[in-house]
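Enquirer: Below are the structure tokens for one structure; questions will follow.
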Amino acid sequence: MASDPCHLTGENEPPTWEELEALLRTEQKASQLPATDPPNHMAEVRTFGQLKEGEEPRTTIYVDKSAWCPFSETLWLQLEEKRIPFRIKKVLNLLSWDSIDKDYLKKVPDGTVPAVEIDGKFVHGDQAVFNAIETSFPDHLKLYPEDALELEAGEKFLALNVASAGFNILYASAKGEGEEEVERATQAFFAKLDEANSLLKERGGPFFYGEKISLVDLRWVPFMERMLANMAYRRGFHLDPARHPRVHAWMEAMDARPIYSHIKGDVYSLVRQMDMSRSSRDQPPLPIAPDALSNANAVDGKDGSWSLVDHASGLHTPPQPCAGRLEAANNLIGNHTAVVKFTSSGIAVKKEKMSITHKWRDALLQVFCAYDPTLKNQRATDVALRYVAFALLRGTHEAEDAIMRSQPGHVKLSEAHQAAASFFMWRVSVPRDMGPAAARQLRGHLFWFTELDTKGVFGNFRVRCTY
């Protein structure tokens, strides 16, 4: 920023959002990537090309706003695998009861999700919802076997509650119940994991019913992904392909499915979800074992692992964007208004935390310079995120050159720009905002922007905004 505190804009700026939108379309055409229509949490309706213009889907689903609910994830996977057109209504924030849609509460007094409406008939309760989808669309891919004994076998497999057993280790550690209790929970977890591995081996795999995916797999995977992410982060546990080859092969088979690969959360997001969920209930985060700390730091990017750039060796992200960069740019540019508003409010200094000097300074600037601290934060956020979007589309080297050209003898970027990128970087969530590969690219390019003071772009010490 210029030394004049009333000055909020610079002469040389990153491309406007409209220019970035045009550049995105150009890069999408030039990429020659195969046309895909992956699952997208921000979509309001999914048609799969099956509906005529103006035709409404028969199905409406009611889910949470952040794609955190594991039962809602199963429903989402089920509809995507079966390619059933559906409309999405997001009716609550899982961290706040006050956020529940009032009309939804009239139908579901306890406010739980998911629910579904098919041809005007409302159904609530996870198992009832899954069954309603299966019976209402018999011509689509069948995800349940017709044999009653096979159905029963699937329910017994799910009843092992392997994921719950894994979380019991973390809960025992959090409660400080002692090493003996943690060890008992650990033994119980491995016993259940061993049994699950044996059952998958008996059935041939890679999925529970063999080569074909089923609702057993779609019901199991949301809980397994959450447990495995938190166990890796907090205990350093990873599936051992030598001890549990069938469970490991099942997880790899799920990861290889394009639909699941776009819907699953990444480790960072799943860990943050758990922390925020506990915080909303005034509970501390689940502890991290000392020998898992290096792994946790890698997940959080605190060891530099989020970096995609190495200035020492001259390594930059290439000019030609990959599919992940295009998806990240598309979602950032398409939702920039909401993102700028969210981020700028997040970096605002609360008045009660301001010093007397700071309060008087802002008051005088408002009178004499029409200075608006809220506008300043929005302006800084807007500029920072436009540079990041440009870097996603044209690579960090070209974006860095553009930034340096905009510094004619004085610094125009400040800690507010840097704080905006840092704040947003820590809050990119999968799949709420985008898929895992896109999130990796967006976090990496935001990290690049926060580190630019190593080249003298920022006029202040680096600012870190974390959870």
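Enquirer: Inside the stretch 308-326, can you point out the residues that are under 20 Å from the mean Cα position of the chain (by Cα), surrounded by 17 or more Cβ atoms within 10 Å (Cβ to Cβ) and in a loop (DSSP other than H, G, I, E, B)?
Expert: Of everything in the stretch 308-326, just one residue is under 20 Å from the mean Cα position of the chain (by Cα), surrounded by 17 or more Cβ atoms within 10 Å (Cβ to Cβ) and in a loop (DSSP other than H, G, I, E, B), namely 308.
Enquirer: Let me ask something else. Of the conditions (1) at pLDDT below 95; (2) assigned to a loop (DSSP other than H, G, I, E, B), residue 113 satisfies every one except a single condition; which number is it?
Expert: (1)
Enquirer: Could you tell me whether any residue of the stretch 438-453 is at pLDDT below 85 and out of contact with any Ser or Thr (no Cβ under 6 Å at 6 or more places or on another chain)? Steps first, please.
Expert: Filtering the stretch 438-453 down to residues at pLDDT below 85 leaves 452-453.
When the remaining residues are screened for being out of contact with any Ser or Thr (no Cβ under 6 Å at 6 or more places or on another chain), the result is 452-453.
Taking every residue of the stretch 438-453 in turn, at least one turns out to be at pLDDT below 85 and out of contact with any Ser or Thr (no Cβ under 6 Å at 6 or more places or on another chain).
Enquirer: Return a yes/no flag: does the stretch 164-184 have any residue that is outside any loop (DSSP other than H, G, I, E, B), of a type in the set (Lys, Arg) and open to solvent by less than 60 Å² (accessible area, probe 1.4 Å).
Expert: First, pick out the residues of the stretch 164-184 that are outside any loop (DSSP other than H, G, I, E, B): 164-174, 179-184.
Of the ones still in play, those that are also of a type in the set (Lys, Arg) are 184.
With the extra rule that they be open to solvent by less than 60 Å² (accessible area, probe 1.4 Å), the set shrinks to none.
No, the stretch 164-184 contains no residue that is outside any loop (DSSP other than H, G, I, E, B), of a type in the set (Lys, Arg) and open to solvent by less than 60 Å² (accessible area, probe 1.4 Å).
Enquirer: Hey, another quick one. With respect to the numbered conditions (1) of a type in the set (Val, Ile, Thr); (2) closer than 30 Å to residue 21 by Cβ; (3) part of a helix (DSSP H, G or I), which one is the sole condition not fulfilled by residue 271?
Expert: (2)
Enquirer: Can you find a residue in the stretch 237-245 that is at pLDDT 95 or above and under 26 Å from residue 427 (Cα atoms)?
Expert: Looking only at the stretch 237-245, we keep the residues that are at pLDDT 95 or above, and these are 237-245.
After this cut, where a residue has to be under 26 Å from residue 427 (Cα atoms) as well, the list is 237-238.
Looking for residues that are at pLDDT 95 or above and under 26 Å from residue 427 (Cα atoms), one finds at least one in the stretch 237-245, hence yes.
Enquirer: If we scan the stretch 128-137, do we find a residue that is assigned to a helix (DSSP H, G or I) and charged (D, E, K, R)? I'd like the intermediate steps shown before the answer.
Expert: Step one: filter the stretch 128-137 for residues assigned to a helix (DSSP H, G or I), giving 128-136.
Pick out the ones that are also charged (D, E, K, R) and you get 134.
Among the residues of the stretch 128-137, at least one is assigned to a helix (DSSP H, G or I) and charged (D, E, K, R), which makes the answer yes.
Enquirer: Looking at residue 92 and the list (1) open to solvent by less than 30 Å² (accessible area, probe 1.4 Å); (2) at pLDDT 95 or above, which single condition is not satisfied?
Expert: (2)
Enquirer: Related question: Can you name every residue in the stretch 230-271 that is open to solvent by less than 30 Å² (accessible area, probe 1.4 Å) and of a type in the set (Gly, Ala, Ser)?
Expert: 232, 253, 265, 269 - these are the residues of the stretch 230-271 that are open to solvent by less than 30 Å² (accessible area, probe 1.4 Å) and of a type in the set (Gly, Ala, Ser).
Enquirer: Here's another thing I want to ask about it. If the requirement is being open to solvent by less than 60 Å² (accessible area, probe 1.4 Å), over 24 Å from the mean Cα position of the chain (by Cα) and among the charged types (D, E, K, R), which of these qualifies: 134, 146, 80? Write out each step before concluding.
Expert: Numbers: 146 fails: open to solvent by less than 60 Å² (accessible area, probe 1.4 Å); 80 fails: over 24 Å from the mean Cα position of the chain (by Cα).
Every option except 134 fails the conditions.
Enquirer: Of the conditions (1) at pLDDT below 95; (2) open to solvent by 90 Å² or more (accessible area, probe 1.4 Å); (3) within 25 Å of the chain's Cα centre (by Cα), residue 357 fails just one. Which one is it?
Expert: Tallying (1) at pLDDT below 95; (2) open to solvent by 90 Å² or more (accessible area, probe 1.4 Å); (3) within 25 Å of the chain's Cα centre (by Cα), residue 357 fails exactly one: (3).
Enquirer: Before we move on, is residue 104 of a type in the set (Phe, Trp, Tyr) and in a helix (DSSP H, G or I)? Before the answer, list the steps.
Expert: Numbers: of a type in the set (Phe, Trp, Tyr): yes; in a helix (DSSP H, G or I): yes.
Yes: the conditions hold for residue 104.
Enquirer: Is it the case that some residue within the stretch 18-30 is closer than 20 Å to residue 436 by Cα and surrounded by fewer than 19 Cβ atoms within 10 Å (Cβ to Cβ)?
Expert: Among the residues of the stretch 18-30, at least one is closer than 20 Å to residue 436 by Cα and surrounded by fewer than 19 Cβ atoms within 10 Å (Cβ to Cβ), which makes the answer yes.
Enquirer: Please work out which one of (1) under 25 Å from residue 39 (Cα atoms); (2) open to solvent by 70 Å² or more (accessible area, probe 1.4 Å) is the condition residue 302 fails and give its number.
Expert: In the conditions (1) under 25 Å from residue 39 (Cα atoms); (2) open to solvent by 70 Å² or more (accessible area, probe 1.4 Å), residue 302 misses (1) alone.
Enquirer: Residue 284 passes all but one of (1) under 22 Å from residue 173 (Cβ atoms); (2) modelled with pLDDT of 95 or more; which number fails?
Expert: (2)
Enquirer: Here's another thing I want to ask about it. What residue, of 278, 234, 246, is farther than 17 Å from residue 67 by Cβ, without any contact (Cβ under 8 Å) to a residue 12 or more places away in the chain, outside any loop (DSSP other than H, G, I, E, B) and in contact with a helix residue (DSSP H, G or I) (Cβ under 9 Å, 6 or more places away or on another chain)? Walk me through it before giving the result.
Expert: Details: 234 fails: without any contact (Cβ under 8 Å) to a residue 12 or more places away in the chain; 246 fails: without any contact (Cβ under 8 Å) to a residue 12 or more places away in the chain.
Exactly one of 278, 234, 246 is farther than 17 Å from residue 67 by Cβ, without any contact (Cβ under 8 Å) to a residue 12 or more places away in the chain, outside any loop (DSSP other than H, G, I, E, B) and in contact with a helix residue (DSSP H, G or I) (Cβ under 9 Å, 6 or more places away or on another chain), namely 278.
The values are calculated or read from the model by the stated rules, or taken from the named source; none is laboratory data. Note that the coordinates shown come from a computational prediction; the quantities given were computed from them, not determined experimentally. Glycine gets a Cβ as well: all are built from the backbone with ideal geometry, and neighbour counts include every protein chain shown. Each accessible area value is taken on the protein alone, full model and side chains, heavy atoms only, with ligands, DNA and RNA left out. Shrake-Rupley method; radii C 1.70, N 1.55, O 1.52, S 1.80 Å.
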